Amino acid sequence: MRPPHKRVILTILGLLGALALAAAVLLSLPESVGKALLSEGGVIETASALGYVGVAGMLVWAMARDDTRQTWPLVVILLAMFGRELDLDKRPFTLGLFKSRQYLGDQVPGVEKLISLVILLVILTCLFLAARRYGGEFLRGLRDGVAQSWYLATGLVLVVISKSVDGIGRKLAPFGIDISDVLDRRFAALEELWELGIPITFALAVLAAASRKPNTVAP
């Protein structure tokens, strides 16, 4: 397995360090200011959401010289992440686009249930197509130290970590574990900033892929 270029490693570490520093600064601010920044629809959440739209635009632009039909699943996934960041998977729906209860039982009107099912199937189809088209290339890129694969992997790790700590107090409550408001606020700050890092790493991956010459390994 070939490690990525030193510049890639430094970029990833620099980004993670900047996010950690931003979290420390955010937690040092007065509680009222911190809550305003971390609130639903706040500055950080809006920046993360707009980041996905920006990456989708970059992807279309960067791949325009190739076959953009091959990249449309990625664009749809990014737009779905944009909607998820703004809670559009919950607000327009009775129970939530990704909730099984949305499709089971009789709490949701039939028309809404059908619309949400179509949207969900489109997203799942795009995930399947993206995995089939790019999964092998992504894994080979990790093995060969290709920049875009390592940037993408960093973003995916941030996705997993941020979703793991999302509402951590609520998740731990069934196990009899209560966390203080201060600790909950710290986790909330980390979650929002990790989520902000996701579109940034995706953008780095698109830029690396666009600058990569055919049949070479990008530094």
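Restricting to region 21-34, name every residue that is without any contact (Cβ under 8 Å) to a residue 24 or more places away in the chain and either of a type in the set (Val, Ile, Thr) or in a helix (DSSP H, G or I) (or both).
In the first step, residues of region 21-34 are kept if they are without any contact (Cβ under 8 Å) to a residue 24 or more places away in the chain; the result is 21, 24-25, 28-30, 32-33.
Residues satisfying the conditions are 21, 24, 25, 28, 32, 33.
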Exercise for the section: Test residue 93 against the criterion of being touching a helix residue (DSSP H, G or I) at 6+ places or on another chain (Cβ under 8 Å) and in a helix (DSSP H, G or I), and give yes or no. Expected result: no
Fill in the blank from the handout: Of the listed residues (176, 155, 145), the one being on the phi > 0 side of the Ramachandran plot and touching a residue at least 40 places away in the same chain (Cβ under 8 Å) is 145
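Restricting the search to region 101-115, which residues are open to solvent by less than 80 Å² (accessible area, probe 1.4 Å) and assigned to a helix (DSSP H, G or I)?
Going through region 101-115, the residues open to solvent by less than 80 Å² (accessible area, probe 1.4 Å) turn out to be 102-103, 105, 108-110, 112-113.
Listed by number, the residues that qualify are 102, 110, 112, 113.
Looking at 139, 193, 127 in this structure, which one is open to solvent by 50 Å² or more (accessible area, probe 1.4 Å), part of a helix (DSSP H, G or I) and either over 24 Å from residue 210 (Cα atoms) or free of Cβ contacts under 8 Å to residues at least 24 places away in the same chain (or both)?
Numbers: 193 fails: open to solvent by 50 Å² or more (accessible area, probe 1.4 Å); 127 fails: either over 24 Å from residue 210 (Cα atoms) or free of Cβ contacts under 8 Å to residues at least 24 places away in the same chain (or both).
Only one candidate qualifies: 139.
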Completion exercise
Out of (1) surrounded by 16 or more Cβ atoms within 10 Å (Cβ to Cβ); (2) part of a helix (DSSP H, G or I); (3) among the β-branched types (Val, Ile, Thr), the one residue 118 does not meet is (1)
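The values are calculated or read from the model by the stated rules, or taken from the named source; none is laboratory data. What you are looking at is a predicted structure, and each value in this text was computed from that prediction instead of being measured. Cβ: placed from backbone, ideal geometry, glycine included. Neighbour counts: every protein chain shown. For the accessible areas, the whole protein counts, side chains as well, though only heavy atoms, and no ligand, DNA or RNA atoms are used. Shrake-Rupley method; radii C 1.70, N 1.55, O 1.52, S 1.80 Å.
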